[in-house]
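Worksheet: one structure, shown below.
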Amino acid sequence: MNAERPRVVFAYDFDGTLAPGFMQNHAFIPDELGMDRQEFWRAVDDLAKQQRGDTILAYMHMMLAKAREKGLELSLDSWRRRGATLNLFPGVEDWFERQNRRAADMGLDLHHFIISSGNRELIEGSPIAKHFERIYASAFMFDENEEAIGVALGVNYTSKTQYLFRINKWTLEEWDNYAINRAQEKDDRPVPFDRIVFFGDGFTDVPTMRLVTDQGGYAVAVYEEGNPFTERAAVDLRKDGRAHLAGPGDYREHAPLDQLAQAMLTEIAARAHLPNLVRWPDAETQPKLPLE
């Protein structure tokens, strides 16, 4: 990182934002588990209700339980191999380096993060994993042989906000509860909220979008064009004041999202560099004004 350049963050949900639908729906549920997608998610909801538990933890448990029933491989490497097959929205693979170049030309130091309720191991196996400073997502716990044995982390709609504060304070380790809760003046935080952009698509992103918007940052609602459910979700996010910007899930150059990114970076750069352009007269060299 170049310390002379203001640090800026683009943070993304994954499912419905960088890729259409739930990542587990692409191949894992229908092909490996041999289950109907809706049947799987109904079972997750039922389990969460029966256990009075969190639906994110329930789906992680269900993935492991059903995989064991089928005798599927549970190694870390196997989960990442599954992630390599995830479908992405058009232009996603070229997006990150393009925005990095654009930001650098504006004198900014751009970093990318994932903040998702999806599965970290699947995202780690995706073709775009290398572009992220951190992937904050629900994760499995692994034994000494790197076999999944349980759930290590669940990222739900409210806990997503925690990771915005981690970015804001640049205390990035998930397990570090001391640094994230340590008092730090707003002006001393490495990434002010007005230099954070969050891209999301639905109601699990509501608290995150609200936090970014209320603190002067940018919340962008991404939707799958032609999909009435995702289009409606984007409209609802606007109506409720959660997101003031939106665009279809097309990350190619010159597409609406790309133009939005350029405009946001331009505005952030103008604000960030403005203090460096201010020049006051040297008070010591000015003549004293006569008293009235």
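For segment 122-146, which positions are of a type outside the set (A, V, I, L, M, F, W, C) and in a helix (DSSP H, G or I)?
The answer is GLU124, LYS130, HIS131.
Based on this model, can you work out whether ASP258 counts as touching a residue at least 40 places away in the same chain (Cβ under 8 Å) and either over 28 Å from ASP94 (Cα atoms) or of a type in the set (Asp, Glu) (or both)?
Yes, satisfied.
May I ask you to verify whether GLU97 is in contact (Cβ under 8 Å) with a residue 24 or more places away in the chain, in a helix (DSSP H, G or I), within 30 Å of LEU277 (Cα to Cα) and of a type in the set (Asp, Glu)?
Taking the combined requirement at face value, the residue satisfies it.
With a cut-off of at least 3 residues that are at pLDDT 90 or above and either surrounded by 16 or more Cβ atoms within 10 Å (Cβ to Cβ) or out of contact with any Gly (no Cβ under 6 Å at 6 or more places or on another chain) (or both), name the helices (runs of 4 or more DSSP H) lying wholly within segment 159-256.
Correct list: 160-169, 206-214, 228-239.
Looking at segment 110-121, can you tell me whether even one residue there is over 17 Å from the mean Cα position of the chain (by Cα), over 23 Å from TYR223 (Cβ atoms) and outside any helix (DSSP H, G or I)?
no
If you go through segment 128-148 one residue at a time, do you hit one that is at negative phi, out of contact with any strand residue (DSSP E or B) (no Cβ under 7 Å at 6 or more places or on another chain) and surrounded by 17 or more Cβ atoms within 10 Å (Cβ to Cβ)?
yes
Among the residues that make up segment 84-92, is at least one of them at pLDDT 95 or above and part of a helix (DSSP H, G or I)?
Looking for residues that are at pLDDT 95 or above and part of a helix (DSSP H, G or I), one finds at least one in segment 84-92, hence yes.
Of the residues that make up segment 150-158, is at least one touching a residue at least 60 places away in the same chain (Cβ under 8 Å) and assigned to a strand (DSSP E or B)?
Yes, segment 150-158 has at least one match.
Can you give me the number of residues within segment 106-124 that are more than 23 Å from GLY202 (Cβ to Cβ) and in contact with a Leu (Cβ under 9 Å, 6 or more places away or on another chain)?
Of the residues in segment 106-124, 3 are more than 23 Å from GLY202 (Cβ to Cβ) and in contact with a Leu (Cβ under 9 Å, 6 or more places away or on another chain).
Working carefully through the options ASN119, ASN87, find the one that is surrounded by fewer than 17 Cβ atoms within 10 Å (Cβ to Cβ) and closer than 30 Å to THR158 by Cβ.
ASN87
Where in segment 1-70 are the helices (runs of 4 or more DSSP H), entirely inside, with at least 1 residues that are touching a residue at least 60 places away in the same chain (Cβ under 8 Å) and under 17 Å from ARG82 (Cα atoms)?
23-26, 55-70
Residue by residue through segment 147-198, note down the ones that are β-branched (Val, Ile, Thr) and in contact with a Ser or Thr (Cβ under 6 Å, 6 or more places away or on another chain).
Those that are β-branched (Val, Ile, Thr) and in contact with a Ser or Thr (Cβ under 6 Å, 6 or more places away or on another chain): VAL155, THR161, ILE180.
Can you say whether GLY53 is in contact with a helix residue (DSSP H, G or I) (Cβ under 9 Å, 6 or more places away or on another chain) and either over 24 Å from TYR12 (Cβ atoms) or modelled with pLDDT under 95 (or both), as far as the supplied structure shows?
The answer is yes for GLY53.
The values are calculated or read from the model by the stated rules, or taken from the named source; none is laboratory data. What you see is a predicted model, and the numbers here were worked out from it, not measured in a lab. Methodologically, a virtual Cβ is constructed for each residue, glycine included, from the backbone with ideal geometry; neighbour enumeration extends over all protein chains shown.
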